[in-house]
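Read-outs throughout are calculated quantities, based only on the coordinates presented, and are distinct from any laboratory measurement. Every value quoted in this text rests on a predicted model; they were computed, and no experiment measured them. Cβ placement follows ideal geometry from the backbone for every residue including glycine, while neighbour counts extend to all protein chains displayed.
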Amino acid sequence: MIRLHAVVEGQTEETFINQVLAPELGVRQIFVDAHCVTTGRKRVPLHRGGIRNYQQLKNDLVFWMRQEKGRNVRFTTMVDLYRLPTDFPGYDDCKRKIDPHTRAECMEDRLQKDIQDDRLVPYIQLHEFEALLFSDVHRFEIAFPDRPAEVQKLKAIREDFPSPEHINDQPDQSPSKRILNVIPDYVKTVSGVLIVQSIGLPVLRKECVHFGRWLDRLEQLVAFSDS
């Protein structure tokens, strides 16, 4: 049995892990819980969500790791490559890499080295949560049943890229900005999770290779729990 703790960027990612990922991993005896990164400790209650600087993410990871020292405990992250804080370890070097998968892997490797705890399975989402929704744009009809024309526009966007994870991080061209340009009343915390649940993990991991590799690593945690 493995207990997996995830530090995530926002409420949508937290809901995704707790409602979509946790049931799937639970079958494999990997029990997951997630919380948003703490961005303000001077308030009561603590302010969570969004990452303004790298230290906020690091503080949460290190604090949790100090509380949970067992070898049957693992940690992971789910933060966006899009607008990742510029003080992130290796930011400038990794940013030079043209291929987005290589860039994200570079950032994950630098995070691993900076945290210095082999229980961490770092994950940086390409380029943000909404990229997952482009794995099957027809599922937007679940949340927006009266928008066939808009769904076709999203389909055209998807077809312009090799994969959903290649939809880029340029200003006004990130996955969420593209969705909002087509469907202005899209709400990430409501529509986003509903759509991704409808798509399902098998399609997500097939269409989004970097995401799929993360799931592979998480699923293999039990096999290495005694190592």
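What does the charge count near GLU207 come to, summing +1 for each Lys or Arg and -1 for each Asp or Glu among other residues with Cβ under 12 Å from its Cβ?
+2
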With +1 on the Cβ of every Lys and Arg and -1 on the Cβ of every Asp and Glu, the dipole magnitude of the chain about its Cα centre, in debye rounded to the nearest 20, is 600
Burial-style ranking of 203-215, 64-76, average other-beta-carbon count within 10 Å with highest first, yields 203-215, 64-76
Expected vector for segment 80-95, Karplus 3J(HN,Hα) from phi with 6.51, -1.76, 1.60 and θ = phi - 60°, integer Hz, x for Gly and Pro, equals 7, 5, 5, 6, 4, x, 6, 8, 4, x, x, 4, 5, 5, 5, 4
In the neighbourhood of PRO23 defined by beta carbon distances under 14 Å, the net charge of the other residues (Lys, Arg +1; Asp, Glu -1) is -2
With +1 on the Cβ of every Lys and Arg and -1 on the Cβ of every Asp and Glu, the dipole magnitude of segment 105-211 about its Cα centre, in debye rounded to the nearest 20, is 260
Long-range amide H partners of GLN125, meaning residues 5 or more apart or on another chain whose placed amide H is closer than 5 Å, are VAL79, ASP80, LEU81
For volume of the Cα convex hull per residue in Å³, with candidates [x] 140; [y] 155; [z] 124, the value calculated from the shown model is option [z]
For segment 1-145, whose charge dipole is built from +1 on Lys and Arg Cβ atoms and -1 on Asp and Glu Cβ atoms, the candidate among LEU21, GLN112, GLN67 with its Cα farthest towards the positive end is GLN67
Phi angles of segment 190-207, converted by Karplus (6.51 cos²θ - 1.76 cosθ + 1.60, θ = phi - 60°) into ³J(HN,Hα) in whole Hz with x for Gly and Pro, give 10, 5, x, 5, 4, 5, 5, 5, 5, 5, x, 5, x, 6, 4, 6, 6, 7
Taking the alpha-carbon centre of each part, the distance from segment 52-106 to segment 163-197 in Å is 22
Under 5 Å from the placed amide H of ALA6, counting only residues 5+ away or on other chains, we find ASP33, ALA34, HIS35, THR76
